[in-house]
Structures are given as structure tokens and as C-alpha cells.
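No lab work stands behind these numbers, since they all come straight from the coordinates. Just so you know, these numbers come straight off a predicted model, no measurement behind them. Every residue, glycine among them, receives a Cβ derived from its backbone with ideal geometry; neighbour counts consider all protein chains shown.
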Amino acid sequence: MDIAGTPVGVLVMQVKIAIKESETFVARMAALRGLSNMVLMQAGRDVADYLRRYHTRFRQKWQGPRYMAGPRSNLFWQEIVRGWGEPVISGKKVVITNTFPLLRGKVEGQDIYPVRAKMLTIPLLPESKGLSAAEFVAEEGTPLFRVGNALCRRIGKKLEAVYALSAGVHQPPWPGALPPQEDLKQVFADSVRKQIRDIAKQ
């Protein structure tokens, strides 16, 4: 399985399977040529279903050592599962696309820099996770103050850091963000073989 280069935000996965065919099988498949795309399409659907199940089971593994529950918890893995679309036949390939833009960064690693602000705001509290500083202030009704490389709120006579400030961060590839390619190839090959057996029985 190869991950092909695509526009930013789109992760394309291609599965290529080579099957050794007997002369009898080749003759039979020639007579049933119209079924070849149906076989590929079903195998692609089986792989897409496997990926959805994989990322459903993987949901808690996105929680790294700095994980904090917050108001947007449990949305990330759901977006990944929903992002797996229906397979598309492209020549002799089956292309399965995930449209959730953040998955590619988890697979390949990424550098993150601020776009609309001078600094990234990295949440340090569960209640600030998934919220911009402006959203946090609006929801909590608490002003934030910059102290060094942090945005803090005042609690009584003390200041509590709510966000760390950073000019940019590097995120390495996330282990297990995709299942092993060999597993995906096996799912695809098993589906093709099962369909071939079913066709041969007809």
C-alpha cells in the first residue's frame, strides 16, 4: 500500500494486489469480464470498513501523555472515522480517501505555525482544550493576561496559566495512526479471493 502525494488535507491510500491466476481462471474471468470492477469495488469497501473499525478501536490511543479531557473531547476520532469515503476505481487501482484534514499530519508528522496570530496557544487546562483564547474568555468570562510565554487568568491573588505560547511546534508521526500496510493488503486480498471463490461456484 502506498500513500500518494495529494493536495494538503487529503490523504489517499492505494492498495495494489497481485494475484497468480490459472489458465482456467483466466478463461472464466474473461467470460465474466464485466465483474472485475465489481470485485475491486467490493474489496475496496471491505478495506474502508476495516479502516473505520480500526480507527473506532484506536480512539483512546490518540490520548498521549499530555491528554486532557475537555469540551471538544471525543470529536477527533469520530471525524477520522467519518472521513473514510467510498472507494473509487482508477484503472487497476482502488483509491480510498480520508477527507479529515488532520489525519495526514498524524500519519506523516507536521510543523504547526500560527496563521492568524503571532503565537500558538497551547492549552494547559482541561477547560481550555479545543478553545481559542478568545473562545475561552467568552465562555468563562475571565480575562487573560500574558505573563512571559503564557496566558494566565487571575484566581484570587494568584495567576493560573491557561495557555502556553509558542512560535511553532513540530509533531512527529503518531504511532499507529494507520494500520500496517500488510494488514490492509491482507484484507483486500482476502476479499478478492472470497469473491473469486463465490464466482467460481456459480
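Using the Cβ-Cβ distance between Lys118 and Ile155 with R0 set to 25 Å, the FRET efficiency works out to roughly 0.45. Look at Tyr163, Tyr50 and count the other Cβ atoms within 10 Å of each Cβ; fewest to most, that gives Tyr50, Tyr163.
Ordering Tyr54, Tyr113 from the fewest to the most neighbouring beta carbons within 10 Å gives Tyr113, Tyr54. Applying D = kT/(6 pi eta Rh) to segment 110-171, where Rh is the Kirkwood radius over alpha-carbon pairs, T corresponds to 20 °C and eta to 1.002 mPa s, the Stokes-Einstein value obtained is 177 µm²/s.
What residues of segment 78-108 lie in the reach of a label at Lys194, counting those whose backbone N is under 17 Å from a point 7 Å from the Cα along Cα→Cβ? Under cut-off, by backbone N: 87. Each 10 Å bin from zero up to the one holding the largest Cα-Cα distance in segment 137-180 carries the following percent of pairs: 23, 33, 19, 19, 6, 0.
For the listed peptides 167-180, 76-89, a ranking on the average number of other beta carbons within 10 Å per residue, highest first, reads 76-89, 167-180.
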